[in-house]
Each structure stands twice: as structure tokens, then as C-alpha cells.
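Please read the structure below before turning to the comments.
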Amino acid sequence: MPRTVFYTSILISALFIPRAAWALIDCTPLDPGNPACVPAPGFVNTWVIPATGIAGSENEPSGERTMTVRVLGGTNTGQAVFSILEAPGGPVSDFIEVFNQAGGTTVTLTSDPPPPLAENAFLPVTELGVEDAITGLVDFLPGVVITDPSDGVSYRVRVASDGEAFFDPFGIGMDTSDGIALCPINSPVCPVPMPEPSSLALIGAGLAAMSLFRHKRNSRRSA
């Protein structure tokens, strides 16, 4: 097999590897038995906590959990703790904690939470907003940019906190509880749709055709 065709075949195979596998980004529930960190179908680096029960309730305590998104080796602009309130001046509905550690950067979303984790207890808490009873709250964490050293991509963090109605902030077609999405800072949409296999196949076929054409042209010149 010509060398150019060989390398092209490797590139085509790499195109079918999910983006999260390239970037070493994962999501871990606090309790492995909890229904958290469910990948959002059709989107990259996006996880939700599925609703369990009838739409129109937050489904506590079985439907809301704690989940941590980790960027292995990632660096962040700084540690921070954010709160989402159930009502103006009211109780806290969710905490989101951004923490730098030796293995990288973690973003922990705790629904109906206890106080922040011990390692973040010294940080001031920034109020992200109030969770609307119908539309919940969906927003980016201000000032938080996480850079993945494996490819140099920098990400913003978008969080979703559900209200008391059907909640599908990421457009996945199902009622969900809270969620987290990591999106490149230059992306016009968040969460980012996963490339369709047909699109990847078309790109791969084009690369293979170009490689084959170059091989034939070089063969003619050397003949």
C-alpha cells in the first residue's frame, strides 16, 4: 500500500473517534449508581441528569444528583464557586464549583446541595442567577475558561438548572434535570452537535481520492 494512502486511512479512522476521546474529557457521578452524567445524544462534551418522574417537578431526591466533569491536565483561569437560587434572596438550588488540582480541572454541579466541597470552602460564592419556576436557568460560567493541553482548545462551561416544568435546554428531545456542556470558546453554538458519520465519511473519501490522485501522478512522472 502506498505510504500516502496508508496515512490517509489512519486519518479517516481518526475522524470517527468521538471528540471527547481526543480531549480526555469525562464526567463522573458522585455515586456510580446514580443516574447522572448521561451523555446528551447527538452532542459533544455534554451531560445531563435525566428526569425521573412526571414532568413539572424537580423529582427530588431521585432525579437530581452531583456530577463532576474533568478535563485531564486542563488549566483554568481560576477556582470559583457559583450558586443558583430557587428565588430572589431564597435558598440555593445548585452549586457549581470549578477546582484546579494536580490531575487537571474539574467542574462539579451539585443539585439541591449541601455547602461547597471542603477544598472550595474558602472561596467566595458568586450568584449566577435565579432558577425560573418554568424555564429554569441556562447560562455560561462567567470568567471560566478551561484549556485542554492535549490539543490547545479552550472551553467555556454552560450549565443548566431545571425549573418545575418540562426542561430540555440542550435540545436533545427529552425531559431532563440539570446539565453541563463544555464548548470551544469560538463555537457559535453550545452545546456542539456531534458530526454526522455521513459528513465524516465524505471528508474521508475526499482525502482518499486526493491521495490516490497524487500517487498516480507521481507514478506517471517516474515512469
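The values are calculated or read from the model by the stated rules, or taken from the named source; none is laboratory data. Since the model is a prediction, treat every value here as computed from it, not as a measurement. Cβ placement follows ideal geometry from the backbone for every residue including glycine, while neighbour counts extend to all protein chains displayed.
If Cys27 satisfies all but one of (1) at pLDDT below 85; (2) in a strand (DSSP E or B), what's the number of the condition it fails?
(1) is the only condition that Cys27 fails.
Given the conditions (1) at pLDDT 55 or above; (2) small (Gly, Ala, Ser); (3) over 19 Å from Ala40 (Cα atoms), and given that Gly179 satisfies all but one, which numbered condition is not satisfied?
Going through (1) at pLDDT 55 or above; (2) small (Gly, Ala, Ser); (3) over 19 Å from Ala40 (Cα atoms) one by one, Gly179 breaks only (3).
Looking at region 207-218, can you tell me whether even one residue there is modelled with pLDDT of 90 or more and outside any strand (DSSP E or B)?
Here is the first cut: in region 207-218, the ones modelled with pLDDT of 90 or more are none.
No, the conditions are met nowhere in region 207-218.
Give the residue that is surrounded by the fewest Cβ atoms within 10 Å (Cβ to Cβ), with candidates limited to residues of region 135-164 that are aliphatic (A, V, I, L, M) and within 20 Å of Pro35 (Cβ to Cβ).
Just the residues of region 135-164 that are aliphatic (A, V, I, L, M), to begin with: 137-138, 141, 144-146, 153, 157, 159-160.
Subset that is within 20 Å of Pro35 (Cβ to Cβ): 159-160.
Numbers: Val159: 22, Ala160: 25.
Of everything passing the filter in region 135-164, Val159 is surrounded by the fewest Cβ atoms within 10 Å (Cβ to Cβ).
Scan region 91-113 for residues that are assigned to a loop (DSSP other than H, G, I, E, B), touching a residue at least 12 places away in the same chain (Cβ under 8 Å) and small (Gly, Ala, Ser) and report the count. Give the steps one after another, and end with the answer.
Our first condition is that a residue be assigned to a loop (DSSP other than H, G, I, E, B); within region 91-113, this holds for 91, 102-103, 112-113.
If we keep only those that are touching a residue at least 12 places away in the same chain (Cβ under 8 Å) as well, we get 103, 112-113.
Then keep just the ones that are small (Gly, Ala, Ser); that gives 103.
Residues in region 91-113 being assigned to a loop (DSSP other than H, G, I, E, B), touching a residue at least 12 places away in the same chain (Cβ under 8 Å) and small (Gly, Ala, Ser): 1 in total.
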